[in-house]
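Let me begin by presenting the structure, written as structure tokens, before commenting on it.
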Amino acid sequence: MSNIPSKDQILQWIADNPGLTAKRDIAKAFGIKGAARIDLKRVLRELEAEGHLEKRQKTYRDPDRLPPVSVLLVKGPDANGDLTAKPLEWQGEGDEPVVHLVLRNSDPALGAGDRILARVTLLGQGPDYEGRLIRRIGHNPRRILGVFRAGSEGGRVVPIDKGSDLEWMVPAGATHGAKDGELVEAEQSGPKSRMGLPRARVVERLGDPTAPKAVSLIAIHQHGIPDAFPDDVIDEADRAKPVGLKGREDMRDMPFVTIDPSDARDHDDACYAHADDDPKNPGGHVLWVAIADVAHYVRPGTALDREARKRGNSTYFPDRVVPMLPDRLSGDLCSLHEGVPRPCIAVRMRLDPHGVKLGHTFHRGLMRSAASLSYEEVQQGMDGAPNDKVGPLMEDVVRPLYAAYAALKEAREKRQPLDLDLPERRIVLSDEGEVLSVNFRDRLDAHKLIEEFMVLANVAAAETLIAKKSPLLFRVHEEPPAEKMESLRDTAQAAGFNLAKGQVIKTAHLNALLNSAAGTDHAELINMSTLRSMTQAYYAPHNFGHFGLALANYAHFTSPIRRYSDLIVHRSLVAAHHWGDDGLTGDQIAELDSVGAHISETERRSMTAERDTTDRYLAAYLSERVGHEFSGRISGVARFGAFVRLDETGADGLVPIRSLGDEFFHHDREASTLMGSKTGRIIQPGQRVTVKLSEAAPVTGGLMLELISLDGEAVSHGPGGFRRGRGRPSGGGPKRKLVHAKKKGDKIKKKIKRQRR
């Protein structure tokens with residue numbers, strides 16, 4: 001064993017020699033021969049088990065670094081026009097790295113959606129990489145959503161994506177009859193034309209892009225969200241029948257109620273609570289949560305199941321919903337409507353007076369909602385002004401729910417889940433789809449009550465399936481990486497706050513930081529910085545806990561109408577309790593890894609589409625106020641400018657770097673600042689600003705702003721103040737030299753630019 005290298009030595013060798021990572025390469029490097037190779041193999045297996053290495057066929061690599069030759073998916077140009085790609089096999093911790101592609105003149109033109117094999121090299125300390133094309137390994141015609149501009153020989157398509165300004169040329173015979181100004185979907189049809197533009201053909205005409213109801217339609221097409229159900233799926237849903245009592249517990253006399261937004265499109269959860277009559281639990285509560293039994297209707301391997309899995313989840317827009325299931329199910333048979341029998345899977349939970357769950361049981365039954373209530377009317381009832389619908393339910397239904405919630409609040413305080421204060425915007429539309437107002441949603445106790453009940457039901461589902469050793473998909477939220485915590489700590493200290501150091505970070509530490517910033521000018525900065533430091537939640541069959549909720553066991557059980565993950569959990573409960581033949585199958589169990597990865601991606605797709613739609617509605621709402629001044633805060637900085645969040649609407653706009661001043665601004669990515677080379681002026685998140693709206697583009701959702709004042713100090717537009725354009729500062733004062741000395745990656749960027757030329 002004396003000549004066997006340490007684990008640290010092996011890891012360092014693999015990091016320094018990414019192209020020589022086979023076991024024989026490692027053995028040769030350390031002079032290991034004969035029987036000693038058995039010991040080396042054991043050490044490598046230990047490193048693999050500990051998560052330090054990942055075995056790929058016969059080679060080992062650090063899972064937190066990309067292999068030297070990687071399969072990439074081309075994403076398209078970034079804000080500076082440089083082509084980027086994402087790795088398709090990233091398994092590391094933290095954020096997924098970005099690969100900046102360096103193309104030779106002889107390389108083929110690449111577009112978003114291309115799959116390529118590339119040689120990648122880490123840029124500095126990361127997390128970004130440089131990628132050089134080896135070959136394109138797959139190509140589907142690239143599609144683009146844009147506005148058609150008619151010309152004498154066909155026309156052009158101007159993309160609506162904020163991150164792209166590349167136009168496409170459409171030959172005369174490929175316009176599909178599109179008219180000037182129409183929104184169209186086009187498909188790449190050939191290489192660049194003599195004018196230097198890629199060729200395309202129009203495949204679909206979508207009408208007026210400025211029409212109010214085109215906003216969500218743009219997002220649906222742009223992000224590839226399936227919005228039309230195949231005929232066999234509709235036929236299958238239409239054949240579904242209401243469920244009887246056979247084989248189910250009769251819960252129709254239990255006064256379950258649904259509590260949802262006033263404009264809710266479906267009702268997939270109901271609740272009921274009463275005092276526990278067990279003398280061993282004085283002051284305790286019994287809480288029931290009933291969830292629509294979607295598993296009865298959507299069975300494994302059916303057309304409905306395949307389509308639901310493909311969609312992954314429902315996507316919600318201000319003017320429409322793209323459902324995971326056809327309306328016959330999502331809006332009817334699987335929706336817990338008032339006064340009609342509906343199949344459900346319910347969990348009965350016993351709580352002590354302090355909100356600690358003493359036990360729980362699951363039941364498959366038939367329920368009948370006593371009332372469909374809104375958050376607002378329930379809260380008004382508790383505030384002393386019940387309407388005619390809520391009044392008769394106050395004593396036997398509403399007050400017991402709030403009593404159970406009061407106990408759960410006590411348990412929540414001890415658990416200390418992450419308590420971010422991030423107001424949610426509510427866009428109010430007219431019947432024609434025009435924006436009437438943009439408000440921030442009130443956070444009522446009625447909202448928090450339902451959220452807490454659903455969290456507890458999700459915990460109960462995870463605990464039951466773990467105890468029964470039944471496969472499932474967990475909702476995983478891993479703890480934030482150390483480097484992001486260090487960045488948050490720096491941000492907090494710069495704002496005058498402290499974040500605990502030198503210990504395992506817990507949500508209680510983050511809540512202490514959030515509480516200390518509450519009510520100050522830095523509250524939004526600290527909340528947003530804390531959010532950005534979190535890892536992204538995902539679905540997986542392996543349980544790594546939920547950091548944000550401070551829970552060891554967590555799975556999504558409460559929304560099977562709109563999330564495929566919850567349907568998987570329902571099927572696992574059916575199988576574990578032997579309730580029928582519609583439970584989780586062996587084939588599905590074998591695919592849980594891939595299903596989890598897929599629905600995690602569809603969830604991110606929906607979130608992006610919903611966010612883009614909100615941006616477009618906000619731009620449309622503000623387009624009539626171009627030239628007006630607004631107050632706001634710096635919400636982020638980039639090398640091309642500063643982002644500002646407006647107080648009134650929460651909309652984000654860009655102050656371009658070219659308009660910031662008659663000086664060179666250095667971007668420090670780690671510190672998240674822009675610093676002027678002449679004035680030393682620092683622009684960073686959290687600063688109060690007054691800006692003028694100079695441009696609002698509803699089609700792209702972009703807002704361009706002009707800086708008027710920074711932290712209450714008026715900004716000059718004269719000599720020594722602001723200039724147009726961007727360039728290097730003249731002269732060479734000490735401060736300017738310091739700025740250029742600090743600029744990371746400068747040499748690498750110059751090298752890349754020379755290679756492109």
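The values are calculated or read from the model by the stated rules, or taken from the named source; none is laboratory data. Quick caveat, the model's predicted, so the values are computed rather than measured. Please note: Cβ atoms are built from the backbone with ideal geometry, for glycine as well, and neighbour counts cover all protein chains shown. These accessible areas exclude ligands, DNA and RNA; they are computed on the full protein's heavy atoms, side chains included. Shrake-Rupley method; radii C 1.70, N 1.55, O 1.52, S 1.80 Å.
A few comments on the model shown:
- Test: residue in segment 358-367 that is open to solvent by 10 Å² or more (accessible area, probe 1.4 Å), out of contact with any Leu (no Cβ under 8 Å at 6 or more places or on another chain), in contact (Cβ under 8 Å) with a residue 24 or more places away in the chain and part of a helix (DSSP H, G or I): no
- Within the option set ARG194, ARG239, being surrounded by fewer than 14 Cβ atoms within 10 Å (Cβ to Cβ), of a type outside the set (Gly, Ala, Ser) and modelled with pLDDT under 85 holds for one residue only, ARG194.
- For segment 259-272, the set of residues classified as within 15 Å of ALA446 (Cα to Cα) and either in contact with an Asp or Glu (Cβ under 7 Å, 6 or more places away or on another chain) or of a type in the set (Lys, Arg) (or both) consists of SER262 only.
- Top-ranked residue in segment 244-265 [being assigned to a loop (DSSP other than H, G, I, E, B) and more than 37 Å from the chain's Cα centre (by Cα); ranked as surrounded by the most Cβ atoms within 10 Å (Cβ to Cβ)]: ARG248
- Test: residue in segment 586-602 that is of a type in the set (A, V, I, L, M, F, W, C), on the phi < 0 side of the Ramachandran plot and not in a helix (DSSP H, G or I): no
- LYS414 vs. criteria under 30 Å from ALA508 (Cα atoms), exposed (fewer than 13 other Cβ atoms within 10 Å of the Cβ), within 34 Å of the chain's Cα centre (by Cα) and of a type in the set (D, E, K, R): yes
- Qualifying residue in segment 259-266 (condition: of a type in the set (D, E, K, R), under 23 Å from TYR375 (Cα atoms), in contact with a His (Cβ under 8 Å, 6 or more places away or on another chain) and touching a residue at least 24 places away in the same chain (Cβ under 8 Å)): yes
- Look at segment 653-677: where a residue is in contact (Cβ under 8 Å) with a residue 24 or more places away in the chain and a partner is buried (at least 21 other Cβ atoms within 10 Å of the Cβ) and aromatic (Phe, Trp, Tyr), sitting 6+ places away or on another chain with Cβ atoms under 8 Å, you get ILE657/PHE665; LEU674/PHE665; MET675/PHE665; SER677/PHE665.
- Failed item in (1) open to solvent by 30 Å² or more (accessible area, probe 1.4 Å); (2) over 30 Å from VAL435 (Cβ atoms); (3) not β-branched (Val, Ile, Thr), with ALA371 passing the rest: (1)
- Filtering ASN498, ASN439 for residues that are of a type in the set (S, T, N, Q), without any contact (Cβ under 8 Å) to a residue 40 or more places away in the chain, assigned to a strand (DSSP E or B) and open to solvent by 20 Å² or more (accessible area, probe 1.4 Å) leaves a single hit, ASN439.
- Among the residues making up segment 623-659, those that are out of contact with any Gly (no Cβ under 7 Å at 6 or more places or on another chain), hydrophobic (A, V, I, L, M, F, W, C), modelled with pLDDT under 95 and buried (at least 19 other Cβ atoms within 10 Å of the Cβ) are VAL637, ALA642, ALA651.
- Restricting attention to segment 517-539, the residues that are more than 21 Å from VAL504 (Cα to Cα) and touching a Lys or Arg at 6+ places or on another chain (Cβ under 9 Å) total 6.
- Flag if ARG611 is assigned to a helix (DSSP H, G or I), in contact with a helix residue (DSSP H, G or I) (Cβ under 8 Å, 6 or more places away or on another chain) and not small (Gly, Ala, Ser): no
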